[in-house]
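One structure below.
The values are calculated or read from the model by the stated rules, or taken from the named source; none is laboratory data. Just so you know, these numbers come straight off a predicted model, no measurement behind them. Here Cβ is always computed from backbone atoms with ideal geometry, including for glycine, and neighbour counts include all displayed protein chains. When the accessible area is computed, the model is the full protein with side chains, heavy atoms only, and any ligands, DNA or RNA have been set aside. Shrake-Rupley method; radii C 1.70, N 1.55, O 1.52, S 1.80 Å.
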Amino acid sequence: MSRRWAALAAAGMMQTLPPAKWQAVIEIPRIEVAEYHRPYFALWLEKPDGTFVANLAVWYDMRAKKGQGEEGTAWLKDLRAWWRKIGRELTMPVDGVSGPTRPPGRHSVTLSAVSLPPGEYVLVAEAARELGGREVVRGPLHWDGRTVHGGSLQGKSEIGSINIKAENAR
């Protein structure tokens, strides 16, 4: 590193590079019920004081309902915590964030355009199913500018495990 770059870094004037890749492994548990519907799902980051930071993923029924003329966006409000935090302000779909609901199993998802300053965050996940339950889980996530520390959640009913990893561009 040149002396100039070292001086800038020491003075705190260099921006942290955005991560090249944020990866989430999200488990949707198999629930044995007579009529199973895939859950709507939201994953986002907050500051420890509850201030919204970023949407990471929102899964919903993106198909138009036959005879109803509406997409599954009408039911996004069932993700109550996410809806109140930021969902009602969005126009869906959101490029790089929204996608279709997923079946039970483990899903590896690349989270696009996550660029955060180093710091402490709270990872929040919410799932809601038609004719089913609803669950919200949250846990700490520390981003040091290079790697994620924490970033793991474990649900009890509608959400299985969630693990976030990130690698910096350098």
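Figures for the structure shown
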read-out: For segment 84-170, accessible area per residue (1.4 Å probe, heavy atoms of protein chains only), Å²; value: 54
read-out: Qualifying trypsin sites (Lys or Arg not before Pro) for segment 88-144 [loop in DSSP, other Cβ within 10 Å: at most 10]; value: none
read-out: Segment 112-158, relative contact order [Cα under 8 Å, separation at least 6], %; value: 36
read-out: Residue list for segment 86-117, given a label point 7 angstrom along the Cα-to-Cβ vector of Phe52 and an amide N cut-off under 15 Å; value: 86-95, 97-98
read-out: Net lengthening on full extension, Thr110/Ser152 (0.36 nm per residue, minus Cα-Cα); value: 13.5 nm
read-out: Accessible surface ranking that places the most exposed of His149, His107, His142 first, with a 1.4 angstrom probe; value: His149, His142, His107
